[in-house]
Each structure stands twice: as structure tokens, then as C-alpha cells.
Amino acid sequence: MNTKLSTLSAAVLLGISTLASAAPPATPSIYWGGPKDPRLNMTNMRDAEKAAFALNEALMQATESVIYVKGCSESSVDVEVYAHPDSGSYYIEDLETNGVEFRANPQPAVAGFGQHIDVSQATQGLLNGTQVQGVKGRYTFNSVNNMMVNEKTGIQVKGQNKAFDQFYSSVIKDFYHGDTYDSNGDFYEIVDWGIQSLSKFAYPVNKWWQRSVAVRDDGQQGCTVFQKDRLVGATQCRITLDTKGYSQPDLFWQKGTLKVSKLSKPEENLTALTNCKQDPYPFPDVVQ
């Protein structure tokens, strides 16, 4: 009996020691000195990009809810995201049979404050084979386009008991220009770093770390990668939305894949992000 207790005590102490020595993910060096000069701390994000990024975020938040219900099983589905302000058409969809479709409704920008982008589910459908309904959220960009906050997106996912469970997701993202310029010296890359939580019945259950890279097309295809790694939850898990296509002043239209994987730790295997980000030292402060 004493031997069993000693073994258990040693295991508990080892676990506590391991947790105590664990370091949180490093922030990029752009944040180390605190806020930048307001004249520099902004992005030239376009209306089409803002709508597309809100749609991307909604789809990934819905995927997090599905993962909580089904577990982190390996999967990949084809997706399309489209934002065209001139026609007022904004959507993202899972291109599988009976896949979900979300639509965006950008609200008029308010000078000096920012802009709301409302996203809702167009029809009930399947996300990676799981029934999802009632997706609705508001994504708010500030006036200088370097922050996006989503206070609460509601998501209903059919659970193991065959009833729909209610989830809520909240996220804060901040954007900055990368190190890539075009021939005129203009930025054409936007990077983001953020954090978010997932709640079930209004109680928190998971925490995710968010990173993204968006490179506009300039004689070649544009690319956008949103990646999330679970920091608090049952198991390690990663969601990657990787799309390519148009990213122009008045059109964002890209296709790609939404993948779920559980083999990579947050600091490992950043292939999708680094392949899109084009400067020679991608995420130098995160990847050691």
C-alpha cells in the first residue's frame, strides 16, 4: 500500500513540476516594446479582406465546437470564401455534400470608431459530417484596422445525445503588416496573432491560440492561412484554413482546405504559415 502511495505521489509531483516549468507561447517581438507610434500601428486592410477574415473566423469557431463534440480526429474538407463589395456578395462554404454556408453582412463603417461585420448561417448543413445550425456572430474591426474583436458567436452542434448543444466562442485578434513589399514599396502582407475561448452553455471549456498570414496577389496567386492550436482542452489539436486565389482591392475569392490535425504541437510544423508568408524569416520570435 505504501509503495502504491509513494508511486502515486511521485507521479503527481512530476506532473506539477512539468506544469510549473512550462512556458507560454512567445509573443512576436513587435509587441515587446508596447504600443507602436499610432501613425505606424495600423493596416491598410480592405473591405473585402475584412469580410473574408470574419467569415474565416466564423468557420473556424464552428469547427472548434465540432471538435469539442467529436474529438480531434484527422479530417480535411474543401472550402471557398468569396467577398465582393460591389455586388454585396459575401460567403464561405464547406464544398462537401450538404456542407454549411455562412454569409457576411458588413455594416456601414463609422468614422473614428470602426466597422461591424455580421456573420450568420445561410442554411442548416454539415461541417465535416456533423450537423451545425444557428451560427451567428458579430466581428468588429477598429478604425485603424489593427484589431478585430468578436465578443460572442453562437454555434449549435448536434452532440452525442442527438440533441443540439449550444456553444459560444469569443476571439481577439490584432493585425500588423509583415515584412514584404511590392515594387513600389507598398505592403501587401497582413499578419495576425490572437487568442480565443470556447464555451459550452456559457461555461468555458477550451482555449485556442490564433495565427494568420494573408498575402495579396501581385502577378501570382494570393494566399491566406488561418491556424489555431488548442492550448487548453482534452488533447492537442490544430485547425488550419489554407486558401489561395484572388486578393485584390475589390475582390477576395479563394479556395482551399480546412484541415484538422492532432500531430503538431503549437510551436511545430508551421509549414502552411511559412509557405504563405514570403519574407525569409517567418515568425522568428515564435519558432526557435
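Tabulated values for the structure
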| read-out | value |
| --- | --- |
| Matching residues, the stretch 218-257, being of a type in the set (D, E, K, R) and within 23 Å of residue 95 (Cα to Cα) | 228, 238, 242, 244, 255 |
| Residues located in the stretch 110-130, provided they are modelled with pLDDT of 95 or more and not aliphatic (A, V, I, L, M) | 113, 114, 115, 116, 118, 120, 121 |
| Residue match in the stretch 53-60 (condition: within 25 Å of residue 190 (Cβ to Cβ) and not hydrophobic (A, V, I, L, M, F, W, C)) | yes |
| Residue in the stretch 98-118 that is touching a Phe, Trp or Tyr at 6+ places or on another chain (Cβ under 7 Å) and not in a strand (DSSP E or B) present | no |
| Residue among 56, 41 that is touching a residue at least 60 places away in the same chain (Cβ under 8 Å) and farther than 20 Å from residue 225 by Cα | 41 |
| Subset of the stretch 77-127 [over 17 Å from the mean Cα position of the chain (by Cα), buried (at least 18 other Cβ atoms within 10 Å of the Cβ) and under 24 Å from residue 161 (Cβ atoms)] | 99, 100, 121, 125 |
| Residue among 160, 156, 227 that alone is touching a helix residue (DSSP H, G or I) at 6+ places or on another chain (Cβ under 9 Å), surrounded by fewer than 15 Cβ atoms within 10 Å (Cβ to Cβ) and of a type outside the set (Ser, Thr, Tyr) | 160 |
| Residue in the stretch 175-187 that is at pLDDT 95 or above and charged (D, E, K, R) present | no |
| The stretch 78-94, residues that are over 14 Å from residue 124 (Cα atoms) and either at pLDDT below 95 or of a type in the set (Asp, Glu) (or both) | 78, 80, 86 |
| Number of positions in the stretch 243-259 that are under 14 Å from the mean Cα position of the chain (by Cα) and surrounded by 22 or more Cβ atoms within 10 Å (Cβ to Cβ) | 2 |
| Some residue of the stretch 77-86 being in a strand (DSSP E or B), among the acidic types (Asp, Glu) and under 22 Å from residue 245 (Cβ atoms) | yes |
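One line per residue, one yes/no per condition, for (1) more than 29 Å from residue 32 (Cβ to Cβ); (2) surrounded by fewer than 22 Cβ atoms within 10 Å (Cβ to Cβ); (3) in contact with a Cys (Cβ under 8 Å, 6 or more places away or on another chain):
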| position | (1), (2), (3) |
| --- | --- |
| 172 | no, yes, no |
| 176 | no, yes, no |
| 203 | yes, yes, no |
| 213 | no, no, yes |
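The values are calculated or read from the model by the stated rules, or taken from the named source; none is laboratory data. Since this is a predicted model, take the numbers as computed values, not measurements. Positions of Cβ are backbone-derived with ideal geometry, glycine not excepted, and every protein chain shown enters the neighbour counts.
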